[in-house]
Amino acid sequence: MSTLSYAAADSATMLRRNLKHMLRYASMTLMLIGMPVVFLLLFVYVFGGTLGSGLGGATGGRAAYIQYVTPGILLMAVASAAQGTAISVAMDMTEGIIARFRIMAISRASVLTGHVLANVVQTMLSLAIVVGVAMAIGFRSDASPIEWLAATGVLAMITFAITWLTVALGMVTKTVEAASNLPMPLVFLPFLGSGFVPTDSMPTGLRWFAEYQPFTPMIETVRGLLLGTPIGNSAMIAIAWCAGITLVGYLWALKLYNRDPAK
């Protein structure tokens, strides 16, 4: 077998390991899936009537708002699931299993890749549940199967990028508690973007931040694919952000993994 084949086999083994951990600690998985659903119901049924009326157009209110907010909730679900990866990585680091993996005849990258791939699987499941709940309470999309497939691909790309970053965040922390808190700002970035209200309704300084932070073009790309709203250059910006985040997260995580444990 070639080096690439060994790395792929080792990564598959680590993927199975992490999927089994998710099944064993089902409470964490349910919490990470449940939080976006709770926010969806909260914003649609508590704030949706008022916020939806401010969107303009021929129709407003709760029905209009669920159409607008669902893409933002999907990005929140991605960030929530990635937070679980940081916790899982920190548990491995603090419990000593990583030290054992370092001396075993396995591909070093496979340990990290297993965490990333497992989170992608978990996140896709979470997104499917969020979309199902959204449709049950009134979300409707006239997207074609190709557009749905493209939206799924964009969400998978975003998940891959954010997960590599949170793997590094899980490794840089010293405790599991710190690992659960460090990625928390990612969960709230959709609030400071176009996830819940249009950016042009924000004060100037906040609007500038909202328009240039990474989650806004990601949300606008998903929204455009599912609802047919203008995408403009958001797709290219989202791809650039994902590529940059993936590269930074991967190199940072690999450096942390390869460092001397004594330091």
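The values are calculated or read from the model by the stated rules, or taken from the named source; none is laboratory data. Since the structure is predicted, the reported quantities are computational estimates derived from the model, not experimental observations. Positions of Cβ are generated from backbone atoms using ideal geometry, with glycine treated the same way; all protein chains shown enter the neighbour counts. To get the accessible areas, we keep the full protein, side chains included, count just its heavy atoms, and leave off ligands, DNA and RNA. Shrake-Rupley method; radii C 1.70, N 1.55, O 1.52, S 1.80 Å.
Summary of computed values
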{"item": "HN-Hα J in Hz across the range 70-79 - Karplus 6.51, -1.76, 1.60, θ = phi - 60°, x for Gly and Pro", "result": "4, x, x, 5, 4, 5, 5, 5, 4, 5"}
{"item": "Local net charge near Trp148, Cβ-Cβ under 14 Å (Lys/Arg +1, Asp/Glu -1)", "result": "0"}
{"item": "Added length on full extension, which subtracts the Cα-Cα distance from 0.36 nm per residue, Tyr45 to Glu177", "result": "44.3 nm"}
{"item": "Fully extended contour minus Cα-Cα distance, from Thr94 to Trp148, at 0.36 nm per residue", "result": "15.4 nm"}
{"item": "Most mobile listed residue (Phe101, Phe43, Phe215) in the chain, GNM with C-alpha springs under 10 Å", "result": "Phe101"}
{"item": "The range 120-253 - percent relative contact order, Cα under 8 Å, separation 6 or more", "result": "35"}
{"item": "Gaussian network model of the chain, Cα within-10 Å springs - most flexible of Thr13, Thr50, Thr204", "result": "Thr204"}
{"item": "Rounded to the nearest 20 debye, dipole of the chain from Cβ charges on Lys, Arg, Asp, Glu", "result": "680"}
{"item": "Probe 1.4 Å, accessible area per residue of the chain, Å²", "result": "48"}
{"item": "Expected 222 nm ellipticity per residue - DSSP helices of 4 or more, -39500 (n - 2.57), all of the chain, to 500", "result": "-25500 deg cm²/dmol"}
{"item": "Relative contact order for the chain, counting Cα pairs under 8 Å that sit 6 or more residues apart, in percent", "result": "24"}
{"item": "Between 0 and 90°, nearest 10: helix 3-24 axis offset from the chain longest Cα axis", "result": "60"}
{"item": "Dipole-positive endmost among Ala253, Ala243, Val133 within the range 111-263 (Cβ charges, Cα centre)", "result": "Ala253"}
{"item": "Of all accessible heavy-atom area on the chain, the percent that carbon and sulfur account for (1.4 Å)", "result": "70"}
